[in-house]
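Asks: Next up is a structure, given as structure tokens.
The values are calculated or read from the model by the stated rules, or taken from the named source; none is laboratory data. Since we're looking at a predicted model, the values are computed, not measured. Cβ placement follows ideal geometry from the backbone for every residue including glycine, while neighbour counts extend to all protein chains displayed.
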Amino acid sequence: MAQKYSVSKPSWVPEEKDEKFACSVMGGIEGIKDTTVGNINPAIQSGKLRPKRRMVLTEDEYVEGVANGDRMTLSRAITLIESNSPRHFKKAQRVLQRLLPRTGKALRIGITGVPGAGKSTMIEALGNMLCDEGHRVAILTVDPTSSVTKGSILGDKTRMGTLSRRPEAFIRPSPAGGTLGGVARKSRETMLMCEAAGYDIILIETVGVGQSETTVRSMVDFFMLVVLTGAGDELQGIKKGIMELADAIVVNKADGDNLTKAKVARGEFERMIEYIRPATPGWPTHAYLASAIEKTGLKELWEVMQAFEQMTKKSGVFQKRRDGQLLDWMHSMIDEHLHNLFLEDPVIKGRMPEVKEAVLGGTISPTQAVAELIHMFDVQRAAARQDDLFHPREDKGGGR
């Protein structure tokens with residue numbers, strides 16, 4: 001078995017490649033897993049191979065690295081947050097707690113739209129423009145998780161080749177699935193980590209389908225809907241509840257032969273907006289034209305976002321929205337935590353198979369089954385099993 005990685009050229013290397021082509025195939029090592037969260041390659045564990053970096057970071061190293069803006073440490077801290085291990089959950093919460101005073105200073109922008117609307121291409125063009133103006137930009141893309149394989153493609157970064165090479169930008173694709181809060185908790189905490197690392201603009205791209213739009217709306221300050229021409233008439237547009245969440249509607253791909261159609265679509269969306277309550281009190285939602293390919297309309301969009309920030313901060317709506325988001329986050333975590341406490345209770349776990357069989361057999365109704373299980377649930381017993389998340393004594397790998 002090979003003791004080190006083997007690197008070879010992929011079969012699709014272009015004949016005339018230049019310095020911008022930087023792809024290779026890594027053979028890997030049998031048995032290696034995610035080293036960030038502690039599953040160590042046997043060769044490294046036996047001492048035959050020396051790792052190029054620390055395999056497990058302490059809590060202090062995470063905090064110091066993120067605070068100093070180190071992108072490698074930030075990536076590993078986000079991996080720690082995304083881990084479903086209870087041990088890693090505790091360590092991640094302590095790291096986040098120590099970094100919390102450094103958060104809250106960035107402008108948070110959510111971007112959604114149907115698949116194929118050009119969200120990723122627009123984000124790259126917008127991100128490059130913001131980096132040119134001296135900003136540090138973090139891009140968080142939320143990928144859908146398969147209900148069959150439980151995996152995610154995480155491929156949005158491939159559409160941001162230029163932006164991903166810029167030191168002022170940080171791009172992180174994340175899966176929507178998982179336990180202990182899923183996209184709601186993990187995306188929020190990833191966003192806070194990026195703010196603690198010094199990024200002053202956070203762009204969050206949704207998967208474009210399902211409930212993720214509502215979730216992302218509850219995390220950001222400004223929410224932008226990217227649409228295409230031919231989206232339907234006024235009535236069809238009003239029926240789309242997503243328009244009620246948008247602070248701006250952007251008709252993308254307004255270039256070439258499509259420019260005339262885009263202008264017509266913009267007029268249609270402006271008429272639709274007249275029948276919808278504004279997503280943010282005091283801020284009128286409007287439709288705009290943009291082309292991510294030709295990079296037109298991007299400066300206008302950024303000026304709109306800056307005007308939005310100034311107006312909402314002056315009126316108090318900005319801080320009121322953030323306060324509401326924090327409380328909503330707390331309430332959702334209470335629901336999630338109680339749900340986990342209930343299902344992980346040993347008495348409930350022992351009784352659950354019989355109750356399920358009785359429900360499926362028609363012996364008792366689902367309502368009666370829930371009442372019986374809740375009657376058996378002991379809150380004090382569940383509370384006794386809980387450890388203090390912010391007390392590191394039992395976490396040997398994360399001492400302070």
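Asks: Name the residue that is farthest from Val220 (Cα to Cα), counting only residues in the stretch 108-132 that are touching a helix residue (DSSP H, G or I) at 6+ places or on another chain (Cβ under 6 Å) and not in a helix (DSSP H, G or I).
Replies: Only one residue fits best here, namely Gly113.
Asks: For Leu57, are the conditions met, namely being without any contact (Cβ under 8 Å) to a residue 60 or more places away in the chain, buried (at least 16 other Cβ atoms within 10 Å of the Cβ) and outside any helix (DSSP H, G or I)?
Replies: yes
Rundown of residues vs (1) touching a Lys or Arg at 6+ places or on another chain (Cβ under 9 Å); (2) under 22 Å from His135 (Cβ atoms), yes/no style:
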{"position": "Ala265", "(1), (2)": "no, no"}
{"position": "Pro278", "(1), (2)": "no, no"}
{"position": "Thr285", "(1), (2)": "no, no"}
{"position": "Ser291", "(1), (2)": "yes, yes"}
{"position": "Lys295", "(1), (2)": "no, yes"}
{"position": "Glu303", "(1), (2)": "no, yes"}
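Asks: Please tell me if Glu303 is at pLDDT 95 or above, among the charged types (D, E, K, R) and under 21 Å from Phe269 (Cβ atoms).
Replies: Yes, satisfied.
Asks: Kindly indicate which of Met305, Met352 is surrounded by 11 or more Cβ atoms within 10 Å (Cβ to Cβ), of a type outside the set (Phe, Trp, Tyr) and under 30 Å from Lys261 (Cα atoms).
Replies: Met305
Asks: Any residue in the stretch 356-373 that is surrounded by fewer than 12 Cβ atoms within 10 Å (Cβ to Cβ), in a helix (DSSP H, G or I) and acidic (Asp, Glu)?
Replies: There is at least one residue in the stretch 356-373 that is surrounded by fewer than 12 Cβ atoms within 10 Å (Cβ to Cβ), in a helix (DSSP H, G or I) and acidic (Asp, Glu).
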